[in-house]
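The values are calculated or read from the model by the stated rules, or taken from the named source; none is laboratory data. This structure is a prediction, so every number in the text was calculated from the model and none was measured. Glycine also receives a Cβ, built like all others from the backbone with ideal geometry; neighbour counts cover every protein chain displayed.
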Amino acid sequence: MELRIPNRPEWVAVARLTISAVANRLPFSVEDIEDLKLAIAEACTTVIQAGEGEGTIDIVCETDLNELRIHVRDTRPGSADVFQERSEASGIEGLGVFLIQALMDEVRHTADPRAGTELVMIKRVGS
């Protein structure tokens, strides 16, 4: 499943609803689905805070029987690795990435000067 939303706060709800719909197709608990919705909201909010109104946020979901992989891409060329910056930040700025890491089973991010930044979040069924 692929979703492209504007880099604007009012579109975060669309990302949350989409992730919820995808997660409902797998045997996740209600609590796991709530965790996924919070994680996607935090990921989108992190991208928005880095450059609101610029570019888009691309979200790609990949599923198999045991896990959901969510790719969140900040498509602004030349954008810094906002997830790395936030994970190293202290105080409220680093809270979103901390929450994502606490809620998901695996989290990684990459930055490419031409393609932008990508965050990959993995949630396994039953974890």
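Numbers for the structure displayed
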quantity: Residue ID - surrounded by the most Cβ atoms within 10 Å (Cβ to Cβ), chosen from residues in segment 1-48 that are among the β-branched types (V, I, T) and free of Cβ contacts under 8 Å to residues at least 12 places away in the same chain; calculated: V14
quantity: Selected residue [modelled with pLDDT under 95 and either touching a strand residue (DSSP E or B) at 6+ places or on another chain (Cβ under 8 Å) or closer than 15 Å to V107 by Cβ (or both)] from A50, A15; calculated: A50
quantity: Pick from segment 79-116, criterion more than 16 Å from R69 (Cβ to Cβ) and at pLDDT 85 or above, ranking: surrounded by the most Cβ atoms within 10 Å (Cβ to Cβ); calculated: L99
